[in-house]
Amino acid sequence: MTQPPIAAERLVKLYQGRPAVDGISFTLPADSLTGLLGGNGAGKTTTIAMIMGLLTPTSGEVHVLGADMQRERFRALKHMNFVSPYIDLPMRLTVRQNLMVFGRLYCVDDLADRIGVLAQEFDIHDLLDRPTGRLSSGQKTRVSLAKALINQPKVLLLDEPTASLDPDTADWVRARLERYRSESGATILLASHNMNEVERLCERVIIMKKGQIEDDGTPARLLQRYGRLTLEEVFLDVARGSSGIREPVL
Amino acid sequence: MLPAAVRAYVNPSFDRETAMRDSMQTALSDYTDSLRRISAMVGRYSYVMRGSWPRLAELVYWPAVNMLMWGFVQTYIGQKAGYFAQAGGTFIGAMLLWDILFRGQLGFSISFLEETWSRNLANLLISPLRPVELAIAMMIMSLIRLAIGIVPVSIVANVFFGFNVYGMGIALAAFFMNLILTGWAVGILVSGAILRNGLGAESLAWTVMTLFMPLACVFYPVAVLPAWLQIVAWMLPPTYVFEGMRALLIDHQFRADLMIEAFALNLVLFIAGATGFAKLMDAARRNGTLLQTGE
């Protein structure tokens, strides 16, 4: 039986005895786009950091593409990538230099061609020879996405990829993510505060609260379960503990 | 996976030759990929250096200022005291060797700091780049920075003060190797501290090596120190190098014994630095500081 691209099993992360993630388990199949929702401090970024091997779980295991991320993460890392507004690309390097560096780190063949394709895809041709630090937020996001796709990852982790973007650029980014997923069959995990984004992109939503999985299902199923019209209302129900569940969680 | 020889023994139908060829191809491919990643990081730091002339100038500026100052001090003292006149440029030699130690460590640490300053560390840590590959890239950059800084200054030392550091010959290679090993060992440990504690530990990169200056007896013999401090001094590999340099310039004697002892101590220091780095990296993974490398 083939293993799911991402499998988290009884993951726990304690900081000074306090649980940031408290015994969560889930698997994400290939060719899927899953949203990870939750308020500040719900444990989303901690979960993503453990999936990437940046953070050691207090207990439990994460397997990515069959590799145990604590013991053999380098087997998986060449097939993964990550975008977050909390990390940057070197600002003094031009966009092309950054893409060259990361392309070589991921041992991408025909790198110049790959950069050409990404420049076309993300409309960054005119930016290639500009220092990355001199780009606008929207331009930086497009470049970060191009970096994240340089190795055509089988697993893509996105931590609030459209934070601080104007609606037009955010919509443009979402369209590119949808396209990448449909073309590559990648497994994408998207942590976001933007309910519209999650509703539009994700076929499955995992809602976290206080380090635990509060709910898990398709957007339609969650709307039905909480008797709400939008995911934002569902999110507020969960966040405020005023659960309006109209059917038992299965 | 079991080695090909074991698999052949367990399973007689196993094609040992093909398996060994496959293993060798995999090993070769891993090796090639590793070289690509190291060259990617060297390229990344070179782009930064080439793109900023103040950074390039700074590499030469301080070594040049130090060398000129100590060169004139040496000239002045040499005119007043016969012993120093025979000492054949110990101050200038000490200054140049000190710069190899200090700039060697700084060159390593600055490459690492570049990643934290630019908030790029997480990008690297989630890439296939191994810590040892990053360390090798930073060592290469340390050598490049040293070459840019020290080679022009050594030429100036020759032109201004008639001191030819390259005249030390094979001894210079031994001095250089020992000093750069100490610089890298300390640089690795400082990088671990920055990983674990964020940019709050940045000042270590600039200051930790200055502790070596009085203890490693850069400008004076170990005998000057109080007896108890001499014990501490002899625990530091650079002490052997600076004593060796004085033996060469004053007594015209290459002390291979000192270099071997320094090398042995450097091995211990290097292993301690690498172990410390691994432990600090583990601590950073446990404490979640890898995503937050600010203050």
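The values are calculated or read from the model by the stated rules, or taken from the named source; none is laboratory data. Everything numeric here is computed off the predicted structure, so don't read it as measured data. In this analysis, Cβ positions are derived from the backbone assuming ideal geometry, glycine residues included, and neighbour counts consider all displayed protein chains. Side chains are part of the model used for accessible areas, which takes the heavy atoms of the whole protein and leaves out ligands, DNA and RNA. Shrake-Rupley method; radii C 1.70, N 1.55, O 1.52, S 1.80 Å.
Worth pointing out:
- Per-residue shielding of A:47-54, expressed as the average number of other chain Cβ atoms within 10 Å of the residue Cβ, stands at 4.
- The order of B:15, A:109 by accessible area, most exposed first and with a 1.4 Å probe, is A:109, B:15.
- Order of exposure, largest accessible area first, which applies to A:209, A:154 with probe 1.4 Å: A:154, A:209
- Buried accessible surface for the B/A pair, both sides summed and rounded to the nearest 100, is 3100 Å² with a 1.4 Å probe.
- Per residue accessible area in Å² of region B:16-287, where ligands, DNA and RNA are left out and the probe is 1.4 Å: 44 Å²
- Accessible surface of residue B:232 - all protein chains present, 1.4 Å probe, nearest 10 Å²: 50 Å²
- Axis angle, to the nearest 10 degrees, between helix A:137-148 and the longest C-alpha principal axis of chain A: 90 degrees.
- Mean projection area, nm², convex hull over Cα of region A:1-154: 10.5 nm²
- Dividing the C-alpha radius of gyration of region B:146-254 by 2.2 N^0.38 Å, with N its residue count, gives 1.23.
- Accessible area of region A:80-152 divided out per residue, in Å², using a probe of 1.4 angstrom: 40 Å²
- Set of lysines near residue A:147 by C-alpha distance (under 19 Å), chain-local residues within fewer than 8 positions excluded: A:78
- Taking the square roots of five times each eigenvalue of the Cα gyration tensor of the protein assembly as shown, the equivalent ellipsoid has semi-axes of 53, 26, 23 Å, listed largest first.
- Members of A:13/A:154; A:44/A:154; A:13/A:209; A:209/B:279 lying beyond 24 Å, as alpha-carbon distances in this model show: A:13/A:154; A:209/B:279
- Take residue A:125: with every protein chain present and a 1.4 Å probe, its accessible area is about 100 Å².
- Accessible-area value, residue B:235, 1.4 Å probe, nucleic acids and ligands omitted, Å²: 120 Å²
- Looking at region A:29-107, the chymotrypsin sites (Phe, Trp or Tyr not before Pro) that sit in a DSSP loop and have at most 15 other Cβ atoms within 10 Å of their own Cβ are A:86.
- Calculated [θ] (222 nm, deg cm²/dmol) that DSSP helices of n ≥ 4 give over chain A, each run adding -39,500 (n - 2.57): -10500 deg cm²/dmol
- For chain B, hydrophobic long helices are taken as DSSP H runs at least 30 Å long by C-alpha position along their axis with mean Kyte-Doolittle hydropathy of -1.0 or more; these are B:16-50, B:53-80, B:90-117, B:131-161, B:170-197, B:256-287.
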